[in-house]
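Below is one structure, written out as structure tokens, with a few remarks after it.
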Amino acid sequence: MNRRDFIKASAALTLGFMSPLTLSAVAPRDPRLVVLILRGGMDGLAAIPPIGDPAYRSVRSTLALATPGDAGGAIDLNGFFGLHPAFECVADMYGKGEALAIQAIAPPYMKRSHFDAQDVLETGLTNPRGNSSGWLYRALHGVDDTRSFDQIAYALGTSVPRILRGEQPVGSWAPDKLPDPDSDTFERLMALYDEDVVLGPKLQTAINTDAMMGNSTKHMRANNLATATKAAAKFLIKPDGPRVAVVESSGWDTHSNQGAASGKLARKFKALDNTLGSFKEQMGSTWKDTCVVVVTEFGRTVAVNGTGGSDHGVGGAAMLLGGGVKGGQVIADWPGLSPDQLYKGRDLKPTLDMRSLLAGVLIDHMGVDRHFVDEVVFPDHRKKLSGLIKLVS
């Protein structure tokens, strides 16, 4: 049975239900989709600061950016929201209508565990099971492409992330040099050795030392992301190459020495910005058909913590970039930063479900049928954001 017959016959796809489907019309372009996952919980208030919120500077304290136009100030986007000054390439794309920002967004998860939040983000399910497939894997069944999954989609990294896992294998590529262990890896090790009276304390000491040393003893591992995105571009620009790619970046768990206009997080932002700018150039003419979705599992606390960083939060931010994006806009139903407006008095309250953003991209950019997205890709969510993609008649 080929994929088209399969889609028409059922929508089970490991979710345990059946539903007849109608294929989408031909996608409006020859689209490329890249999902970039920032693991660790990127500080969305640092990336896309709400400079117009009257409570912004008081609640963010030393993490707040200066006013646009001042030294180290945010890049003004629309008078209320800005960009971190490290995002020069992203700001240029925004001005050209090739990038948009989304604020106060999160997966349907309101707690603060990296592992659980990433599972929800990658499966697209409110309560994922151990064998639940990834939402992007399920979406491949609705893409108008008759090739096998390992030809349509690639994972660029040391393993295939859950977002692309399912019954059929996808393509994969890994750099020759393995990345250094990052904070996300350390946290997983801590969960494993938490009750070990010998290894547990030693590992915790190593983690604390690593966090406090910041960038002084090692680079920011930016080359791993740049290498992966460069490889992704080489695959995606080929006429017979994949149309979907997933790239991961770790180390966004900024519990200490985060900084504002400069510092640890600013260096991460600059490395990400350089990577995105280079990726646009590497995509060449294919950029016009490309959408890059930048997401993270959750945001950070609004207030600075005792070690100059931020802790696990809830509401965060996302970005869309590409020639296929209807850029130059910030999408937000802003909840406010006053103490009485925060979630549980500490976090940005999410007002947008991440799945609405992803559904909008799948339907309007990749040409996936709306009914298929509702029934198969995000079976417990029925909303989509419109106006994200430049539709082609």
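All of the numbers you see were taken from the coordinates with simple rules; none came from a lab. Being a predicted model, the structure only gives us computed values, none of them experimental. Using ideal geometry, Cβ is built from the backbone for each residue, glycine included, and neighbour counts are taken over all protein chains shown.
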message: Under 5 Å between amide hydrogens, which residues at least 5 positions from SER256 or on another chain qualify, with H placed 1.01 Å from N in the peptide plane?
response: SER310
field: Of HIS312, LEU77, GLY44, farthest towards positive along the dipole that unit charges on Lys, Arg, Asp, Glu beta carbons give the chain
entry: LEU77
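Under the 0.36 nm per residue contour assumption, what length would be gained going from the current alpha-carbon distance of GLN204 and VAL392 to full extension?
On the way: separation 188, 0.36 × 188 = 67.68 nm, distance 5.32 nm.
Working it through step by step, the gained length comes to 62.4 nm.
Which whole-number percent is the relative contact order of the chain (Cα, under 8 Å, 6+ apart)?
On the way: 848 pairs, mean separation 118.1, N = 393.
This gives 30 percent for the chain.
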- request: Apply 1/(1 + (r/R0)^6) to the Cβ-Cβ distance of ASP116 and ASP30, taking R0 = 41 Å, and write down the FRET efficiency to the nearest 0.05.
  value: 0.65
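Using 32 Å as the Cα-Cα cut-off, could you pick out the over-long pairs in LYS111/LYS280; LYS234/LYS349; LYS234/LYS264; LYS111/LYS288; LYS288/LYS349? Provide the component values of the computation, followed by the final result.
On the way: LYS111/LYS280 35 Å; LYS234/LYS349 39 Å; LYS234/LYS264 30 Å; LYS111/LYS288 38 Å; LYS288/LYS349 34 Å.
Violating the 32 Å Cα-Cα cut-off are LYS111/LYS280; LYS234/LYS349; LYS111/LYS288; LYS288/LYS349.
What range in the chain is the longest one free of GluC sites (Glu not before Pro) that are in a loop by DSSP and have at most 16 other Cβ atoms within 10 angstrom? Each step should come with its number before you reach the end.
Numbers: sites that count: GLU167, GLU195.
Here the longest segment lacking exposed loop sites spans 196-393.
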message: For volume of the Cα convex hull per residue in Å³, pick the label among (1) 150; (2) 254; (3) 138 that corresponds to the value derived from the coordinates.
response: (3)
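Give, in nm to one decimal, the length gained when the segment between ASN131 and ARG188 is fully stretched (0.36 nm per residue of separation minus the Cα-Cα distance). Don't skip to the answer; put the middle values down first.
Details: separation 57, 0.36 × 57 = 20.52 nm, distance 1.95 nm.
Working it through step by step, the gained length comes to 18.6 nm.
Could you work out how much longer the chain between ASP196 and LYS344 gets when fully extended? Use 0.36 nm per residue separation minus the Cα distance between them, nm to one decimal.
On the way: separation 148, 0.36 × 148 = 53.28 nm, distance 3.30 nm.
Here the segment from ASP196 to LYS344 would lengthen by 50.0 nm.
Under a Cβ-only charge scheme (Lys and Arg +1, Asp and Glu -1), can you give me the dipole magnitude of the stretch 48-183 about the Cα centre, in debye to the nearest 20? Mind dumping the intermediate values first?
Numbers: 11 positive and 16 negative charges, 93 e Å.
Value, rounded to 20: 440 debye.
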message: Run the helix sum for the chain: -39,500 (n - 2.57) per DSSP H stretch of 4+ residues, divided by residue count, reported at 222 nm to the nearest 500 deg cm²/dmol.
response: -8500 deg cm²/dmol
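Give me the percent of DSSP beta bridges within the chain that run antiparallel, rounded to the nearest 5. If you can, show how the numbers build up before the last one.
Working: 16 of 42 bridges.
Taking every DSSP beta bridge within the chain, about 40 percent pair in antiparallel fashion.
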